[in-house]
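Quick notes on the structure that follows.
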Amino acid sequence: MKKLFFISVFYLLSALSFAQKSPERDYTNAVLWQQYSGEYRALSFQAYNFARLSLKEALWNQANAKPNCVIVDADETILDNSAFQGHEMKNGVSYVQKDWTQWTSLAQADTVPGALAFLKFAASKNVETFYVTNREAADHDGTLKNLQKFGFPYADEAHLLLKTTTSDKEPRRQKILEKYNILLLCGDNLSDFSNVFYREGKDTKEQVNLLQNLFGTRFIVLPNPMYGDWEKLLYKGDKLNEADKAKQRFNQLKSY
């Protein structure tokens, strides 16, 4: 009996030790939720159903002579990269740049539910799509190949705007606005919509409250439990490793 007790304690301590050394552990549910849950698909369909209704209304009320467009982000908005996140976790890391470049070159990201159907609907109404993404030049060919593989409309050089000097998308949006009416924007990150959300270390909840009437109408938000700018607010200090970040995330949990 005593021997069994010590064996049980050994395995318990081993499990706890493994958990403490595995900062990627707390992303497991997030990635699995995106890959397997019906709720993720339902929320994505819901977002694009609202997008379709909002686009119809915007077209009805639009009186400007410029051509119309919608702007969409790429990752976790129209392309599902959860397989990449799973790959990184299984290799004991959260994100490695060379792994990401390799992933985008494969052009294997799946579509986000509802995205392709919505953009094809927009195209049927003569509404162009601009893909404004913070993927970089090294991701260019793979990104176009991925979009074209599924038949995304306007998947060409003119409509793909990658990151160049800044991750702030506002200059790219303003460039589009010079020639087009932007009827709505789709993204998984608040800075996909306006740079009032962009500044580093900014708590965006107040800005969301101020602009609440735009969500579901002009701003269409897609669910992304895996990563985002919001997480930066949780961290204090420079050159944090994954164990440091995991500890700070845990300490930021609200309780009672």
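The values are calculated or read from the model by the stated rules, or taken from the named source; none is laboratory data. Since the model is a prediction, treat every value here as computed from it, not as a measurement. Positions of Cβ are generated from backbone atoms using ideal geometry, with glycine treated the same way; all protein chains shown enter the neighbour counts.
Remarks
- Residue within segment 88-97 that is touching a residue at least 24 places away in the same chain (Cβ under 8 Å), not in a loop (DSSP other than H, G, I, E, B) and not basic (Lys, Arg) present: yes
- Residue among Thr104, Thr133 that alone is β-branched (Val, Ile, Thr) and touching a Gly at 6+ places or on another chain (Cβ under 6 Å): Thr104
- Considering Glu157, Glu136, Glu170, the condition of being more than 22 Å from Ser194 (Cα to Cα) and out of contact with any strand residue (DSSP E or B) (no Cβ under 8 Å at 6 or more places or on another chain) is satisfied by Glu157 alone.
- Taken as a whole, segment 156-173 holds no residue that is polar (S, T, N, Q) and either assigned to a helix (DSSP H, G or I) or under 23 Å from Pro113 (Cα atoms) (or both).
- Ala138 meets the conditions (1) surrounded by 14 or more Cβ atoms within 10 Å (Cβ to Cβ); (2) over 26 Å from Gln108 (Cβ atoms); (3) out of contact with any Cys (no Cβ under 7 Å at 6 or more places or on another chain); (4) among the aliphatic types (A, V, I, L, M) in every case but one. The failed one is (2).
- The listed residue being surrounded by fewer than 19 Cβ atoms within 10 Å (Cβ to Cβ) and either free of Cβ contacts under 8 Å to residues at least 12 places away in the same chain or more than 24 Å from Asn68 (Cα to Cα) (or both), out of Pro171, Pro153: Pro171
- The set of residues in segment 189-244 that are touching a residue at least 60 places away in the same chain (Cβ under 8 Å), farther than 23 Å from Gln85 by Cβ and under 18 Å from the mean Cα position of the chain (by Cα) comprises Gly216, Arg218.
- Close pairs from segment 57-77: first among the small types (Gly, Ala, Ser), partner surrounded by 11 or more Cβ atoms within 10 Å (Cβ to Cβ), Cβ under 7 Å, at least 6 apart: Ala58/Leu183; Ala58/Leu184; Ala74/Tyr131; Ala74/Thr133; Ala74/Arg135; Ala74/Thr143
- Members of segment 80-131 found to be at pLDDT 95 or above, small (Gly, Ala, Ser) and either within 30 Å of Leu240 (Cα to Cα) or under 16 Å from the mean Cα position of the chain (by Cα) (or both), listed by number: Ser82, Ala83, Gly86, Ser105, Ala109, Gly114, Ala115
- For Leu183, the requirement of being out of contact with any Phe, Trp or Tyr (no Cβ under 9 Å at 6 or more places or on another chain) and under 16 Å from Leu119 (Cα atoms) is met.
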